[in-house]
Amino acid sequence: MKYKVSDDLKLLSEYLNISLKDLSDRLDISFETLSKIVNNDIYPSNEILEKIYSYFYENKIELNKEKIKIYKEKYNVLLFHGSKEEITGELSLSHSRENVDFGAGFYVGDNYEQSLDFICFNQKGTMYVLNADFSSLKVLKLGVSIEWMLYIALNRGKLEKYKDSKKLIELKNKLNSYDVIIAPIADNRMFTTIDDFTRSAITSEQAMHALKDLSLGDQIVFKSEESLKKLTILEKLYVCKKERLDAYKNKQKKIFDSDDYINNAYEIYIHKGQYISEVFANEKDD
């Protein structure tokens with residue numbers, strides 16, 4: 001899938017109310033080359049792509065956000081996927097990893113900025129906007145809860161001590177019975193809190209209240225091949241270097257600000273709720 005460069009250049013020319021010749025001067029791209037790009041006679045190099053989309057961003061024309069607004073008017077469900085590499089061919093679970101929040105699956109988010117966090121470090125990372133149809137799919141919706149934390153800890157290998165427990169076996173079976181999981185995103189800072197819970201440093205109440213304050217929106221995980229057939233990539237969005245850098249700075253600020261939220265929750269809810277050993281205390285392992 002290619003970027004819609006021709007359409008975007010026409011839009012830029014109209015927005016600025018200038019001719020293509022004037023635009024070529026502003027972009028420092030020859031008029032001949034720019035004309036060929038607009039007419040789809042050639043596809044631009046990475047260097048020229050960066051020039052074009054950096055110009056949008058540096059001139060406060062938030063092209064990606066404007067496109068998203070238009071898509072939202074047309075589609076009921078709009079999702080985002082920040083991929084470390086370009087997606088080629090049909091969507092597949094063949095390259096998905098097991099040791100992530102809900103195991104193997106195709107992960108997307110419901111928030112553009114949050115999805116941007118996943119590629120802000122990677123210059124080869126690519127952003128996709130997708131539409132989904134959940135009809136005929138079995139969907140599990142989770143909030144911030146003990147069950148949600150156990151799923152994440154389980155799939156990230158933090159519950160080996162309880163791996164044969166009846167509770168975890170039931171959770172595994174339940175997870176595998178759904179096509180799609182919709183649940184809060186857990187980034188690395190949030191996972192540290194979940195890890196504190198699974199090693200009995202804090203209680204379930206301390207963890208959940210800290211995590212609620214750190215809410216990042218939902219992740220949607222397509223777990224079955226059948227569910228992937230309900231996903232459609234609408235467009236590949238170009239993210240210039242400056243936008244990636246700004247996303248990185250925003251991410252670092254969120255991490256810095258999160259410490260206060262976490263520490264407050266740990267203090268206020270100390271000794272309230274259950275420790276991990278208590279969650280499993282009333283069952284007999286096989």
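The values are calculated or read from the model by the stated rules, or taken from the named source; none is laboratory data. Not measured: the values here are computed from a predicted model. Reconstructed Cβ throughout: ideal geometry from the backbone, glycine too, with neighbour counts over all protein chains shown.
Scanning region 1-23 for residues that are of a type in the set (Gly, Ala, Ser) and modelled with pLDDT under 95, which turns out surrounded by the fewest Cβ atoms within 10 Å (Cβ to Cβ)?
Of region 1-23, the ones of a type in the set (Gly, Ala, Ser) are 6, 13, 19.
Now drop any that are not modelled with pLDDT under 95, which leaves 13, 19.
On the way: SER13: 18, SER19: 11.
The selected residue is SER19.
Matching residues to (1) farther than 18 Å from TYR107 by Cβ; (2) of a type outside the set (Lys, Arg); (3) surrounded by fewer than 19 Cβ atoms within 10 Å (Cβ to Cβ):
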residue	(1), (2), (3)
LEU228	no, yes, yes
ASP246	yes, yes, yes
LYS249	yes, no, yes
TYR261	yes, yes, yes
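Any idea which residue in region 63-122 is farthest from CYS240 (Cα to Cα), counting only those that are free of Cβ contacts under 8 Å to residues at least 60 places away in the same chain and basic (Lys, Arg)?
Restricting to residues being free of Cβ contacts under 8 Å to residues at least 60 places away in the same chain and basic (Lys, Arg), the top hit is ARG97.
Does region 201-213 contain any residue that is assigned by TED's automatic domain parsing to the domain that holds ASN122, hydroxyl-bearing (Ser, Thr, Tyr), in contact with a Phe, Trp or Tyr (Cβ under 9 Å, 6 or more places away or on another chain) and in contact (Cβ under 8 Å) with a residue 60 or more places away in the chain? Walk me through how you get there before you give the answer.
Start the filter on region 201-213 by keeping residues that are assigned by TED's automatic domain parsing to the domain that holds ASN122, which leaves 201-213.
Right, trim to hydroxyl-bearing (Ser, Thr, Tyr) and you get 203-204.
Cutting the leftovers down to in contact with a Phe, Trp or Tyr (Cβ under 9 Å, 6 or more places away or on another chain) gives us 203-204.
If we keep only those that are in contact (Cβ under 8 Å) with a residue 60 or more places away in the chain too, we end up with 203-204.
There is at least one residue in region 201-213 that is assigned by TED's automatic domain parsing to the domain that holds ASN122, hydroxyl-bearing (Ser, Thr, Tyr), in contact with a Phe, Trp or Tyr (Cβ under 9 Å, 6 or more places away or on another chain) and in contact (Cβ under 8 Å) with a residue 60 or more places away in the chain.
For the condition closer than 13 Å to ILE220 by Cα, touching a residue at least 40 places away in the same chain (Cβ under 8 Å) and of a type in the set (S, T, N, Q), what is the one hit in ASN176, ASN131? Before the answer, list the steps.
Working: ASN176 fails: closer than 13 Å to ILE220 by Cα.
Testing whether each residue is closer than 13 Å to ILE220 by Cα, touching a residue at least 40 places away in the same chain (Cβ under 8 Å) and of a type in the set (S, T, N, Q) leaves just ASN131.
Could you list, ordered by first residue, the pairs with Cβ atoms under 6 Å in which the first is in region 183-197 and within 13 Å of SER258 (Cα to Cα) and the second is of a type in the set (Ser, Thr, Tyr), at least 6 apart or interchain?
Within 6 Å, the pairs are ARG189/SER258.
Hydrophobic (A, V, I, L, M, F, W, C) and either modelled with pLDDT under 90 or outside the structural domain of GLN274 (by TED's automatic domain parsing) (or both): which single residue out of PHE197, PHE256, PHE222 fits that description? Show your work before the answer.
Values: PHE197 fails: either modelled with pLDDT under 90 or outside the structural domain of GLN274 (by TED's automatic domain parsing) (or both); PHE222 fails: either modelled with pLDDT under 90 or outside the structural domain of GLN274 (by TED's automatic domain parsing) (or both).
Of the residues listed, the single one that is hydrophobic (A, V, I, L, M, F, W, C) and either modelled with pLDDT under 90 or outside the structural domain of GLN274 (by TED's automatic domain parsing) (or both) is PHE256.
Out of the residues in region 43-54 that are surrounded by 12 or more Cβ atoms within 10 Å (Cβ to Cβ) and out of contact with any Asp or Glu (no Cβ under 9 Å at 6 or more places or on another chain), which is nearest to ASP28 (Cα to Cα)? Steps first, answer last, please.
Just the residues of region 43-54 that are surrounded by 12 or more Cβ atoms within 10 Å (Cβ to Cβ), to begin with: 43-44, 48-54.
If we keep only those that are out of contact with any Asp or Glu (no Cβ under 9 Å at 6 or more places or on another chain) as well, we get 43-44, 48-50.
Values: TYR43: 17, PRO44: 14, ILE48: 9, LEU49: 12, GLU50: 12 Å.
Per the criteria, the residue is ILE48.
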